[in-house]
Amino acid sequence: MSSLGNRDTRIRILRWVARIWSLPAIFFAVSELIFSSSDPGIEEGWLAWATVVILFLSVIGLLIAWWRERFGGWMSIGALLLFFILYWMDTARLFPGWGLLIAFVAVPAILYLVFDYYHYKYFVI
């Protein structure tokens, strides 16, 4: 029984690590919505706006993952991949902050998926 209790504790810690790690991306997205840093005089094409919306969907996936780890994790990773593809189609280059997006969006999403896997493997019959 002790082994199961330790496993439960480690899995709960994994969930909280993912939650805490996702907070910077969530706070950044909320601050961009409240205090937008874009210049309203700049004309952007529809693809540029689509990439912004998809990036926000990726962060919304992290927020959903607080309650629904599997759905939110896959939503976040899928939207992030779509963001990278659309950004590359629009500019023909890789997104300049790709490392930060991987670190603060993809890593917590993967941690949520790992938590979900172990949670259902050991605790759901």
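The values are calculated or read from the model by the stated rules, or taken from the named source; none is laboratory data. For clarity, every value in this text was computed on a predicted model and none was experimentally measured. Because the Cβ atoms are built from the backbone with ideal geometry, glycine has one as well, and the counts that use them run over all protein chains shown.
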Confirm whether Y118 is surrounded by 18 or more Cβ atoms within 10 Å (Cβ to Cβ), among the hydroxyl-bearing types (S, T, Y), touching a residue at least 60 places away in the same chain (Cβ under 8 Å) and touching a Lys or Arg at 6+ places or on another chain (Cβ under 9 Å). no
Can you spot a residue in the range 36-52 that is part of a helix (DSSP H, G or I), under 12 Å from the mean Cα position of the chain (by Cα) and not aromatic (F, W, Y)? no
So, in the range 28-71, of the ones that are surrounded by fewer than 17 Cβ atoms within 10 Å (Cβ to Cβ) and polar (S, T, N, Q), which residue ends up modelled with the highest pLDDT? S31
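If you check L100 against the conditions, is it at pLDDT below 90 and assigned to a helix (DSSP H, G or I)?
For L100, the condition - at pLDDT below 90 and assigned to a helix (DSSP H, G or I) - is not met.
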Within the range 62-85, can one find any residue that is touching a residue at least 40 places away in the same chain (Cβ under 8 Å), part of a helix (DSSP H, G or I) and more than 27 Å from F123 (Cβ to Cβ)? no
Determine, yes or no, whether F95 is in a loop (DSSP other than H, G, I, E, B) and surrounded by 14 or more Cβ atoms within 10 Å (Cβ to Cβ). yes
